[in-house]
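Undergrad: Here it is, the structure, as structure tokens.
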Amino acid sequence: MRTRTRSLYVVVLALVALLFTTPAASAHTELESSSPKSGARLDEPPKEVTLTFTEPVDLADLHVTLGGDELALAQEKGRDTVAADIPQRKTKEAGRRLTLDWHVRSKKDGHPSSGKLSFALPAHAGSAAPDHTSTDDTAAPAVAPSGTVRTAWAVARWVGYLALALYVGGLAFVAMLWPEGSRELRTRRILASSWAAGLVATVAATGLQGAYGAMGSIGDAFKASTYVDLLGSEVGVALACRALMWVLGAVVLAALLQNGERAARSPGWRVSAAVVCLGLLRTTGMAGHNSEGSHPGWGAVADLVHLLGISLWLGGLTLLLAGVLPRRRPEEMSTAVSGYSTLAGVSVAAIAAAGAVLTWQVVGSFDALFATGYGQLLLVKLALLAGVLLIAQRSRGWVRTRLDIAVLLRGDRATVRPFVYSVAAETGLVLVVLAATSLLVTAAPGR
């Protein structure tokens, strides 16, 4: 056990060390440059302004406005460069400063970015109207994403992560450690509720993410056009695939609820459940930040391992707390508790290693952990996770020293109670970690 712990520490420290040598990952679609350059003093009004972004954009996802009117756009020199036509009438109305507002939605994850471009015009270019436009090119954009929509989206993501963990981890716990638990009413309710919550959260998150990316209101999340617009993007396809996997998950769950322990022990059902669970885990990660950075393949693998580890950990904890421990049956405790202790240890090691890779992939530098809001939120999540690990260590200590006594005493309440409290505290803190994860997914790295 000590050798395994030391090895885990070495792996984690080696992966975290990569933060010192890796360049920062790009955060969504950002404006790289413009021609003319923002802040320039022009000799004559421009006929067009060219915007170059950090990644290819679709014209449907880009909006450039001047004085509240949307400008005509044309793509040139590749899909990352767009030219905005400037009407002569608008330059006359602009006074001595021309200010453009731009807003673009990332193709990869649906996050919005926005900003301003401002140019000084010659005195004879426009009317003699006083110029009240700020000369500060770093001023906040006129349009910003809705905080209400972002909060609702984060809540939907939290429910989705919780449902995923309970469904995937619950099925794995039943299949590997507690097949007889498939007949237990509380277990069946947890699995059925998690499936329903997962499907509803996926549908709701799709509408909310579309409304957030389009900088719309909470009401826009319920419009069919919002879904149509988002489903035409890469992130929309990933969300549609996730919803399909939840539909297939209903078939797997129905077979377990109908056939009980026979299904849980069946190789055919286990293979089907594994395929559906892996599909859910992968499509959940496809809509996150793991595709960003210099090695998106590593990010995808790490994200899959990270989500699987969290699911096995939290799903097992929940069924242990709500299913196995209340029954206090010695044979079940001996098999399920000791087996889960080993499974949880492997899951925690996987979470730590994959989490280090994801930190390297998305944050990209050690300084970004402290200098950006995303990095600071990530540090909060890591601090919470450290607290969970301390409680988990106490739980594993009980398994090593007290489980055999509890089995001999046939699940004596006083003997088992400290373990129940420890598992409950561990479960509660993992739920808070999931909440931090939801906020991270809705936040932009590098900001």
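Undergrad: Kindly check whether there is at least one residue in region 213-226 that is more than 19 Å from Leu280 (Cα to Cα), within 16 Å of the chain's Cα centre (by Cα) and part of a helix (DSSP H, G or I).
TA: Taking region 213-226 first, the residues more than 19 Å from Leu280 (Cα to Cα) are 213-226.
Remaining after also requiring within 16 Å of the chain's Cα centre (by Cα): 213.
Now restrict to residues that are part of a helix (DSSP H, G or I): 213.
Yes: one or more hits.
Undergrad: Still on this structure, I have one more. Run down Glu184, Glu261 and say which single residue is buried (at least 16 other Cβ atoms within 10 Å of the Cβ), of a type in the set (Asp, Glu) and in contact (Cβ under 8 Å) with a residue 40 or more places away in the chain.
TA: Among Glu184, Glu261, only Glu184 is buried (at least 16 other Cβ atoms within 10 Å of the Cβ), of a type in the set (Asp, Glu) and in contact (Cβ under 8 Å) with a residue 40 or more places away in the chain.
Undergrad: A further question follows. Restricting to region 264-275, what's the tally of residues that are crowded, with 22+ Cβ neighbours inside 10 Å and closer than 29 Å to Ala205 by Cβ? Give the derivation first.
TA: Within region 264-275, the subset crowded, with 22+ Cβ neighbours inside 10 Å is 264, 273.
Filter once more, so that each one left must be closer than 29 Å to Ala205 by Cβ: 273.
Looking only at that region, the number is 1.
Undergrad: Separate question: Under the condition of being more than 12 Å from Met286 (Cβ to Cβ) and surrounded by 21 or more Cβ atoms within 10 Å (Cβ to Cβ), which residue from region 234-251 is nearest to the chain's Cα centre (by Cα)?
TA: So in region 234-251, the residues more than 12 Å from Met286 (Cβ to Cβ) come out as 243-244, 246-251.
Now drop any that are not surrounded by 21 or more Cβ atoms within 10 Å (Cβ to Cβ), which leaves 246, 249.
Values: Trp246: 18, Gly249: 21 Å.
Result: Trp246.
Undergrad: From the set of residues in region 141-191 that are under 27 Å from Val337 (Cα atoms) and polar (S, T, N, Q), which is nearest to the chain's Cα centre (by Cα)?
TA: Thr187
Undergrad: Out of Leu230, Leu171, which single residue is at pLDDT below 95 and either crowded, with 21+ Cβ neighbours inside 10 Å or outside any helix (DSSP H, G or I) (or both)? Lay out the reasoning, then the answer.
TA: Values: Leu171 fails: at pLDDT below 95.
The match here is Leu230.
Undergrad: Evaluate the following for Ala322: is it surrounded by fewer than 24 Cβ atoms within 10 Å (Cβ to Cβ), in a helix (DSSP H, G or I) and without any contact (Cβ under 8 Å) to a residue 24 or more places away in the chain? Write out each step before concluding.
TA: Details: surrounded by fewer than 24 Cβ atoms within 10 Å (Cβ to Cβ): yes; in a helix (DSSP H, G or I): yes; without any contact (Cβ under 8 Å) to a residue 24 or more places away in the chain: no.
When the stated conditions are applied, Ala322 does not pass them.
Undergrad: Mind listing just one residue for me: the one in region 105-119 that is of a type outside the set (Gly, Ala, Ser) and in a loop (DSSP other than H, G, I, E, B) and, of those, modelled with the highest pLDDT? Explain how you work it out, then say what you get.
TA: Going residue by residue through region 105-119, those that are of a type outside the set (Gly, Ala, Ser) are 105, 107-109, 111-112, 116-117, 119.
Next, only the ones that are in a loop (DSSP other than H, G, I, E, B) stay: 107-109, 111.
Numbers: Lys107: 66, Lys108: 63, Asp109: 61, His111: 70.
Ranking the candidates gives His111 first.
Undergrad: Are any residues in region 216-230 among the hydrophobic types (A, V, I, L, M, F, W, C) and free of Cβ contacts under 8 Å to residues at least 24 places away in the same chain, and if so, which ones?
TA: Looking only at region 216-230, we keep the residues that are among the hydrophobic types (A, V, I, L, M, F, W, C), and these are 218, 221-222, 224, 228, 230.
If the condition is that a residue be among the hydrophobic types (A, V, I, L, M, F, W, C) and free of Cβ contacts under 8 Å to residues at least 24 places away in the same chain, then Phe222, Ala224, Val228 are the ones that fit.
Undergrad: Looking at the structure I just gave you, is Gly213 in contact with a strand residue (DSSP E or B) (Cβ under 6 Å, 6 or more places away or on another chain) and crowded, with 22+ Cβ neighbours inside 10 Å?
TA: In short, yes.
Undergrad: Checking Ala255 against (1) surrounded by 16 or more Cβ atoms within 10 Å (Cβ to Cβ); (2) in contact (Cβ under 8 Å) with a residue 24 or more places away in the chain; (3) within 24 Å of Leu171 (Cα to Cα), which single condition isn't satisfied?
TA: (2)
The values are calculated or read from the model by the stated rules, or taken from the named source; none is laboratory data. If you're wondering where the values come from, they're calculated on a predicted model, not measured in any experiment. For neighbour counting, all protein chains shown are included, and Cβ atoms are generated from backbone atoms with ideal geometry for every residue, glycine included.
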